[in-house]
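Worksheet: one structure, shown below.
Values quoted throughout were computed directly from the atomic coordinates according to the rules given, and no laboratory measurement underlies them. The shown structure was predicted, so the numbers you read here are calculated from the model rather than taken from an experiment. Every residue, glycine among them, receives a Cβ derived from its backbone with ideal geometry; neighbour counts consider all protein chains shown.
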Amino acid sequence: MVQLSTPQPARQANPTIKAQALAYLIFERPDLAAAEKFLTDFGLRIALRDSDALYFRGTGSAPFCYVVRHAEQARFVGMGFRVASRADLEKLATLPGASVIRPLTAPGGGEVVSLTDPAGFTVEAVFGQTAVEALPHRQPLPANQTDQLPRINATQRPPHAPAEIIKLGHAVIEVADFQKVCAWYTGHLGLIPSDVQVLPDGAPIVTFMRLNLGDTPADHHTLAIAQGFMNTYNHSAYEVVDVDALGMGQRILREQGYRHAWGIGRHILGSQLFDYWNDPWSCKHEHYCDGDMFTAERPTGIHPVSAEAMAQWGPAMPRTFTAPKMNRAALRALWHSLRHSPDVTLRKLITLKRLFG
């Protein structure tokens with residue numbers, strides 16, 4: 001059993017509120033047409049198009065799950081979480097730096113409070129959105145097994161079309177102040193660490209956090225936080241119906257000339273079947289299916305971190321998958337974090353480089 005030498009991310013007994021869902025992600029892009037083409041090829045559908053923003057949805061009842069705003073520079077802005085009541089909004093509105101409660105001018109309406117997490121990402125808490133009618137999508141294809149043969153005198157022919165995205169599943173961010181950011185999400189949104197990956201000395205380096213929905217099963221992780229030397233987006237993930245959707249989604253995206261990041265394979269923590277693709281700004285987007293579901297009673301698991309710990313099978317994780325993009329801004333962030341962040345040390349960075357190449 002791995003022994004922790006520093007405090008691990010831990011569930012909080014009395015969080016400010018308990019978030020109910022990851023509602024949407026917010027991006028800025030200089031080219032809305034290029035963003036729309038990638039996201040529709042990836043399998044999202046337009047919910048609303050206005051002069052300076054695009055809203056996308058899956059086939060589920062969420063009015064939107066992804067918004068792209070026009071801006072000069074491409075960046076990840078943050079994310080929205082659905083909360084259980086207006087009283088939850090009122091609690092969050094009392095936190096330092098929080099906005100007042102205001103109308104949400106987006107598909108579905110409702111009210112929103114804007115917060116900023118310790119890494120500088122925007123976090124919007126939303127209540128009162130109106131659900132939309134779910135869109136039809138194909139059912140998982142029946143698979144013949146050795147002892148179960150549901151498909152007799154019938155063939156498998158998944159449609160040659162983008163993978164139908166059902167819902168937004170999770171987001172992954174990298175942060176410098178790992179402990180502080182983890183404590184913010186567990187303390188204010190009530191997220192529960194499902195699994196924590198640690199370095200050989202026991203220092204926590206990645207945490208996979210799920211929603212606390214009590215006895216209702218929740219996805220293994222809705223937000224994952226990884227130790228880095230700068231605050232940045234790593235990837236986001238979107239659920240599809242089955243492995244044929246992963247495979248056909250890969251074929252469509254290859255035909256359209258997009259850059260593949262990693263897959264197809266099966267993760268260890270979370271167990272998802274996965275396939276990752278880069279958008280035109282080299283931001284990773286994941287198709288997944290067959291993920292683990294945990295209730296609140298499931299305890300946190302502790303595991304050694306390594307490249308091999310990322311997947312049970314599939315292609316080896318490319319070194320480029322975790323390598324930071326080094327430029328002047330990244331070098332400034334590295335220098336700043338080494339001087340000011342309690343969680344960033346040269347020894348830790350050397351260990352990560354050795355583990356992931």
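Net charge of the neighbourhood of Gly249, taken over other residues with C-beta under 10 Å away and scored Lys/Arg +1, Asp/Glu -1, is -2.
Dipole of the chain, Cα-centred, from +1 at each Lys and Arg C-beta and -1 at each Asp and Glu C-beta, to the nearest 20 debye?
Using Cβ point charges on Lys, Arg, Asp and Glu, the chain gives about 760 debye.
With a cut-off of 15 Å between beta carbons, the residues surrounding His340 carry a summed charge of +2, where Lys and Arg count +1 and Asp and Glu -1. When the Gaussian network model of the chain links Cα atoms closer than 10 Å, the mean-square fluctuations of Ala218, Ala307, Ala33 top out at Ala33. For the pairs Lys325/Lys348; Lys180/Lys348; Lys18/Lys91; Lys167/Lys325; Lys18/Lys180, flag any whose C-alpha to C-alpha distance is greater than 20 Å. With Cα atoms farther than 20 Å apart: Lys167/Lys325. Short-range pairs are left out: with C-alpha atoms under 8 Å and at least six residues apart, the relative contact order of the chain is 18 percent.
Only DSSP H runs of four or more residues enter the estimate; each adds -39500 (n - 2.57), and after division by the residues of the chain the mean residue ellipticity at 222 nm equals -5500 deg cm²/dmol. With K and R counted +1 and D and E -1, the other residues having a Cβ less than 15 Å from that of Leu89 yield a net charge of +1.
Got a sec? How would Glu90, Glu72, Glu124 order by Cβ neighbour count within 10 Å, fewest to most? Could the numbers behind the result be given before it?
Working: Glu90 13, Glu72 8, Glu124 21.
In increasing order of surrounding Cβ atoms, one gets Glu72, Glu90, Glu124.
Ordered by the number of other Cβ atoms lying within 10 Å of each residue's own Cβ, fewest first, Trp335, Trp281 fall into the sequence Trp335, Trp281. Highest mobility in the GNM of the chain, judged by mean-square fluctuation with C-alpha springs under 10 Å and restricted to Lys325, Lys284, Lys167, is found for Lys325.
Of all the options Val132, Val198, Val243, the one that moves most in a Gaussian network model of the chain with Cα springs shorter than 10 angstrom is Val132.
As a proxy for reagent exposure, ranking Cys289, Cys182 by other Cβ atoms within 10 Å from fewest up yields Cys289, Cys182.
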